[in-house]
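Trainee: Structure incoming, see below.
What follows is calculated from the coordinates using simple rules that are stated; it is not laboratory data. Fair warning: this is a prediction, and the values are worked out from it, not measured in the lab. Heads up, the Cβs are rebuilt from the backbone with ideal geometry, glycines too, and the neighbour counts pull from every protein chain shown.
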Amino acid sequence: MRPTFARIDLENLRFNFRSSRDFIGHDVKYMAVVKANAYGHGAVECSRVLEADGVDWFGVALLEEAVELRDAGIQAPILCLGGPVMGQEAIFLDRDITPVIFSVEQARALNAKAAKRNMKAAIHIKIDTGMGRLGVRCDHVGNFIDELKPLNNLRVEAMMTHFASADDLREKEFTELQIDRFHEAIRQFEAAGIRPNFVDLANSPGAVAHPRSRPQMVRLGGILYGLGGDILPAGVPKPDLKPVMSLHSAIADVKPIPKGETLGYGRTYTTKRDSMIALIPIGYHDGYRRALSNNSEVIINGQFAPVVGRVSMDWTIVDVTDVPNVATGNEVILIGSCGDLQILAENLAARGGTISYEITCGISRRVPREHVH
């Protein structure tokens, strides 16, 4: 088998959950967001560890992701953040999966299916307080309540919103405005006789940096996987976090290249000296982004080695001229640490003009995950 794989440290995952819970407090409920295959880390394996460690809820984006967890034996409540697509209502009810509702059409369809079964379906109502994405607009809440009240086979278990810029303290005023808008929406629901069991505002940066957003439940995503460095606001206290994913490969070939020759597609790199070049069997289809071409490094034999030439679909070229005792089969660390050297997902994200979430989510299923305790 190709020697390229991602190692997922489940003890670090457990550490991050416990560290975050100690930092935020033990008097709120915790939802672990495991959408997008747990940000690339393996949803089933991560959910099993977190469920055993006391997570109260799991959050997914798609019904298919929720079904995968149920099929794997996850018993904790699961919230589908993307809501139901028309025609999925029976599966939500059959598999005990809670939908987020943000349109009258969704509510009516689910109510009709629940009525046929003579049951009440639990729902979470999402309010758009300024994200401009999913949710009932906060200035349309009154009309939504009027449409919702006759739907007797629905039970509003919770209300939620999502912050647009809780990670940026320069936007603190807008985050506070979102919180105020959300509480006004709750007031309107309660005035209409609809009282949710709990409310849910905070994502990872909200939960860490905005204590007012932690009333009853928080949704932890990136920080569970140790992805806090480029997501949490600078200059605020934070929980201790450990990286959960490391990315590994091995040298497939080493060969000398004379000074003045070009490497890779587009001939974007010219050797500046007689060089030793190593080929690594990982490329952009694996999630090692093309933006890292001539713009990153890897760790080999306890030393950094620069990426040279364009990252291609299946291969990456590195200059190992200065790496001691280099040979075919040597381990290559693309994300991870060796001694005092470390490459974090957020380091690659900064080089590629993105965020650490996209780096780990982008590690494709072609790269096997090795889950270790």
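Trainee: Quick check: residue separation of ASP56 and ASP94 times 0.36 nm, minus the Cα distance between them. What number comes out in nm?
Mentor: Values: separation 38, 0.36 × 38 = 13.68 nm, distance 2.05 nm.
Value of the extension gain: 11.6 nm.
Trainee: For an R0 of 56 angstrom, estimate the FRET efficiency from the Cβ-Cβ distance between GLN303 and LYS149 and round to the nearest 0.05. Walk me through the intermediate numbers first.
Mentor: Details: r = 67 Å, r/R0 = 1.19.
Taking R0 as 56 Å, the efficiency between GLN303 and LYS149 is 0.25.
Trainee: Still on this structure: As a footprinting exposure proxy, order SER364, SER356, SER296 by other Cβ within 10 Å, with the fewest listed first. Provide the component values of the computation, followed by the final result.
Mentor: On the way: SER364 14, SER356 26, SER296 22.
Ordered from fewest to most neighbouring Cβ atoms within 10 Å, SER364, SER356, SER296 come out as SER364, SER296, SER356.
Trainee: Turning to a different aspect of this structure: Among LEU169, ALA250, ASN153, which residue has its Cα furthest toward the positive end of the charge dipole of the chain, with +1 on Lys/Arg Cβ and -1 on Asp/Glu Cβ?
Mentor: Projecting each Cα onto the dipole axis, the largest value belongs to ASN153.
Trainee: Among THR354, THR328, which comes first, second and so on when ranked by fewest other beta-carbon atoms within 10 Å?
Mentor: Working: THR354 16, THR328 11.
Arranged by neighbour count, lowest to highest, THR354, THR328 become THR328, THR354.
Trainee: How big is the convex hull of the Cα atoms of segment 84-159, per residue, in Å³?
Mentor: 80 Å³
Trainee: Under 20 Å from a label point 7 Å along Cα→Cβ of MET119: give me every residue in segment 139-165 with its amide N that close.
Mentor: 151-158
Trainee: What dipole magnitude, in Debye to the nearest 20, does the chain give about its Cα centre under +1 on Lys/Arg Cβ and -1 on Asp/Glu Cβ? Don't skip to the answer; put the middle values down first.
Mentor: On the way: 42 positive and 45 negative charges, 104 e Å.
Value, rounded to 20: 500 debye.
Trainee: Between GLU190 and ALA234, what is the label-to-label distance in nm when each label sits 7 Å out along the Cα-to-Cβ direction?
Mentor: 3.9 nm
Trainee: Give me the dipole magnitude in Debye, nearest 20, for segment 245-372 about the Cα centre, with unit charges on the beta carbon: positive for Lys and Arg, negative for Asp and Glu.
Mentor: The dipole of segment 245-372 has a size of about 420 debye.
Trainee: Here is a further query. If amide hydrogens are placed 1.01 Å from N in the peptide plane, which non-local residues have theirs closer than 5 Å to the one on ILE97?
Mentor: none
Trainee: Assigning unit charges at the beta carbon (Lys, Arg +1; Asp, Glu -1) and nothing else, what dipole magnitude in debye, to the nearest 20, does segment 97-141 show about its Cα centre?
Mentor: On the way: 8 positive and 3 negative charges, 60 e Å.
The calculated dipole for segment 97-141 is roughly 280 debye.
Trainee: Counting C-alpha atoms alone, how compact is segment 9-225: give Rg to one decimal and Dmax as a whole number, in angstrom.
Mentor: Cα-based Rg and Dmax for segment 9-225 come out at 16.9, 50 Å.
Trainee: Take every Cα pair under 8 Å in the chain that's 6+ residues apart, average their separations, divide by the length, and report that relative contact order as a whole percent. Before the final figure, lay out the partial values.
Mentor: Working: 816 pairs, mean separation 67.4, N = 373.
For the chain, the relative contact order is 18 percent.
Trainee: Taking every DSSP beta bridge with both residues inside the chain, roughly what % is antiparallel (nearest 5)? Could the numbers behind the result be given before it?
Mentor: Working: 28 of 59 bridges.
Roughly 45 percent of the DSSP beta bridges within the chain come out antiparallel.
Trainee: Cut-off is 10 Å between beta-carbons; in what order do THR4, THR270, THR98 appear when sorted fewest neighbours first?
Mentor: So the ranking, lowest neighbour count to highest, is THR270, THR98, THR4.
Trainee: Would you please give the residues with an amide H less than 5 Å from that of ALA250, counting only those at least 5 places away or on a separate chain, with H modeled from the backbone geometry?
Mentor: VAL332
Trainee: Once R0 is set to 30 Å, what does the formula 1/(1 + (r/R0)^6) return for the Cβ-Cβ distance between ASP253 and GLU370, expressed as a FRET efficiency to the nearest 0.05?
Mentor: Here the calculated transfer efficiency is 0.80.
Trainee: Can you spot the lysines whose alpha carbon is less than 18 Å from LYS255's alpha carbon? Ignore those fewer than 8 places along the same chain.
Mentor: Partners found: LYS272.
Trainee: Just want the answer: with Cβ charges of +1 for Lys and Arg and -1 for Asp and Glu, which residue in CYS46, HIS26, ILE78 is farthest toward the dipole's positive end in segment 24-96?
Mentor: The Cα lying farthest towards the positive end belongs to HIS26.
Trainee: Further question on the same structure: Show the residues, 5+ positions off or on another chain, whose built amide H is closer than 5 Å to the amide H of VAL320.
Mentor: MET276, ILE277, ALA278
Trainee: Could you run the Karplus curve 6.51 cos²θ - 1.76 cosθ + 1.60 with θ = phi - 60° over segment 239-246 and give me ³J(HN,Hα) per residue in whole Hz, x for Gly and Pro?
Mentor: After applying 6.51 cos²θ - 1.76 cosθ + 1.60, I find x, 5, 9, 10, x, 9, 9, 10 Hz.
Trainee: Sorted from largest down, give the three principal axis spans of the alpha carbons of segment 245-372, whole angstrom values.
Mentor: Sorted from largest, the Cα extents of segment 245-372 read 40, 30, 25 Å.
Trainee: For the chain, state the average projected area of the convex hull of the C-alpha atoms over all orientations, rounded to one decimal in nm². Display every interim value, and only then the final one.
Mentor: Values: hull surface 81.8 nm².
Its Cα hull, projected and averaged over all orientations, spans 20.4 nm².
Trainee: Work from the charge dipole of the chain (Cβ charges, +1 for Lys and Arg, -1 for Asp and Glu, about the Cα centre) and give the residue of HIS124, GLY362, TYR288 farthest towards its positive end.
Mentor: Sorting the options by dipole projection puts first HIS124.
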